[in-house]
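Please find one structure pasted underneath; my questions will follow.
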Amino acid sequence: MKRKSMVTPQKIVGTILFISLALSVVYAFVHFLQAPDTAPEGMPHAKVRSDYLLMLTQCILGLAVMLLPSLINHRWSVPIPRKIYIAYYAFLFCAIFLGEVFNFYYVIPHWDIILHAFSGAMLSALGFIMVDLLNSNQRVSVELSPFFESVFAFCFALSLGAIWEIYEFAGDMILGLNMQKAYLANGTALVGKAALFDTMEDMIVDAFAAAIVAFAGYKANKQKAAKERKEHDESQKAC
């Protein structure tokens, strides 16, 4: 008799994300074929072909990257906690499905800031998980202190945040998209510092959120290390 697979919150959230992005790919592709190249006169906020191309690109990317945790787990046997899975799927849902498809970036104030704060904190926590795996791996002779664990977690989160900004810049330059929000919803082009504001704000928020988690992780790991040293000393005295 075959054993039934458990329905976990992780699978439920992942299924919802996959269906949402798959349907959005179809929706964006159909409207991309039908949309005009420029907004009709008197309708500056109407979506044009480049808007649907951005939506299509983001949804396809979302379908691809949602598989990353499973691939990492399968390839390197990295035990990613269920909470990180759910947080990762929830981030993709909010960033791509709600942000791009439902236009939350323009509808909800500071939506981009909220997502970058969330991703910075999540990636910093993932950095701690990776360090813990290295510290517990007997084949690796290096063991990082709580301070350097927090430094790695912070740099890990900030590095991936920078890679994301490079991806957005490349998409805007090559495909003529508006991922860096250099254009307003009505198509007005920003210039000077205003054009750089979105990118720099994203990176600053990433750094701030990652620093908070890195500091919290440092305090927790320092207390854990002190407790382990105390238990070790007590066991030595007992012997």
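The values are calculated or read from the model by the stated rules, or taken from the named source; none is laboratory data. Because the structure is a prediction, the values reported are computed rather than measured. Using ideal geometry, Cβ is built from the backbone for each residue, glycine included, and neighbour counts are taken over all protein chains shown. Protein only, heavy atoms only, side chains kept; ligands, DNA and RNA dropped before computing areas. Shrake-Rupley method; radii C 1.70, N 1.55, O 1.52, S 1.80 Å.
Taking +1 at the Cβ of each Lys and Arg and -1 at the Cβ of each Asp and Glu, which of A195, Q58, V7 sits farthest along the dipole of the chain towards its positive end, judged by Cα position relative to the Cα centre?
Of the options given, the answer is V7.
Let me ask something additional. Alpha carbon centre of the range 8-57 versus the range 209-236: separation in Å?
Cα centres, the range 8-57 to the range 209-236: 46 Å.
Also: Run the accessible area of the range 102-239 with a 1.4 Å probe and give the carbon-and-sulfur part as a rounded percent.
Details: 6140 of 8870 Å².
About 69 percent, which is the carbon plus sulfur part of the accessible surface.
Tell me, what is the percent relative contact order of the range 137-219, built from C-alpha pairs under 8 Å that lie six or more residues apart? List each step's numbers first, then the result.
Numbers: 51 pairs, mean separation 35.2, N = 83.
So the answer I get is 42 percent.
Any idea what the relative contact order of the chain is, in percent, if you count C-alpha pairs under 8 Å spaced at least 6 apart?
Numbers: 231 pairs, mean separation 47.3, N = 239.
Contact order relative to length: 20 percent.
Sticking with this one: For L177, what charge total do you get from the other residues with a beta carbon under 12 Å from its beta carbon, if Lys and Arg give +1 and Asp and Glu give -1? Write out the running numbers ahead of the final one.
Working: positive: R49, K181; negative: D51, E100, E168, D172.
Net charge around L177: -2.
If you don't mind, another one. Leaving out ligands, DNA and RNA, and with a 1.4 Å probe, what % of the accessible surface on the range 39-88 is carbon or sulfur? Intermediate values should be presented prior to the final figure.
Details: 2030 of 3080 Å².
Answer for the range 39-88: carbon and sulfur cover 66 percent of the accessible area.
With point charges of +1 on the Cβ of Lys and Arg and -1 on the Cβ of Asp and Glu, referenced to the Cα centre of the range 1-149, which listed residue (P81, C94, A125) lies farthest in the positive direction of the dipole?
P81
A further question on this structure: Output the relative contact order of the range 29-110, whole-number percent, from Cα pairs under 8 angstrom with separation of 6+ residues. Provide the component values of the computation, followed by the final result.
Working: 47 pairs, mean separation 18.9, N = 82.
RCO, the range 29-110: 23 percent.
Right, here's the next one. Cα-based count: Lys pairs in the range 142-239 below 23 Å, eight or more positions apart or different chains? Present the calculation step by step, with values, prior to reporting the outcome.
Details: K181/K193; K219/K227; K219/K230; K222/K230; K222/K237; K224/K237; K227/K237.
Within the range 142-239, the lysine pair count is 7.
Place the peptides 157-167, 67-77 in order of packing, highest mean first, counting for every residue the other Cβ atoms within 10 Å and averaging per peptide. Could you put the intermediate results ahead of the total?
Details: 157-167: 16.5, 67-77: 11.3.
Ranked by mean Cβ neighbours within 10 Å, highest first: 157-167, 67-77.
Where in the range 103-194 are there trypsin sites (Lys or Arg not before Pro) that are in a DSSP coil and have at most 14 other Cβ atoms within 10 angstrom of their Cβ? Before the final figure, lay out each step's value.
On the way: sites: R139, K181, K193; in loops: R139, K181.
Those satisfying the criteria are R139.
Would you work out which of F104, S145, Q180 lies farthest towards the positive end of the dipole of the chain? Charges go on Cβ: Lys and Arg +1, Asp and Glu -1.
Projecting each Cα onto the dipole axis, the largest value belongs to S145.
Read phi for every residue in the range 174-185 and hand back ³J(HN,Hα) as whole Hz from Karplus 6.51 cos²θ - 1.76 cosθ + 1.60, θ = phi - 60°, with x for Gly and Pro.
Coupling constants for the range 174-185: 7, 9, x, 8, 9, 5, 8, 6, 7, 10, 6, 4 Hz.
Whole-Hz ³J(HN,Hα) for each residue in the range 56-65, computed from phi via Karplus 6.51 cos²θ - 1.76 cosθ + 1.60 with θ = phi - 60°, x for glycine and proline: what do you get?
Here the 3J(HN,Hα) series is 5, 4, 5, 5, 5, 4, x, 5, 6, 6 Hz.
Roughly how many debye, to the nearest 20, is the charge dipole of the range 184-239 about its Cα centre, given +1 on each Lys and Arg Cβ, -1 on each Asp and Glu Cβ, and no other charges?
Details: 8 positive and 8 negative charges, 80 e Å.
Magnitude of the dipole: close to 380 debye.
Can you give the net charge of the other residues whose Cβ lies under 12 Å from the Cβ of L61, counting K and R as +1 and D and E as -1?
Within the 12 Å Cβ shell, the charges total -2.
Sticking with this one: Can you tell me the accessible area per residue over the chain, all protein chains present, probe 1.4 angstrom, in square angstrom?
Normalised by residue count, the accessible surface of the chain is 64 Å².
Would you mind working out the magnitude of the charge dipole of the chain relative to its Cα centre, with +1 at each Lys and Arg C-beta and -1 at each Asp and Glu C-beta, to the nearest 20 Debye?
Charge dipole of the chain: 1240 debye, to the nearest 20.
Same structure again: In debye, nearest 20: dipole of the range 1-125 around its Cα centre with unit charges on the Cβ of K, R (+) and D, E (-)? Numbers along the way, then the final one.
Working: 9 positive and 5 negative charges, 205 e Å.
So the dipole magnitude of the range 1-125 works out to roughly 980 debye.
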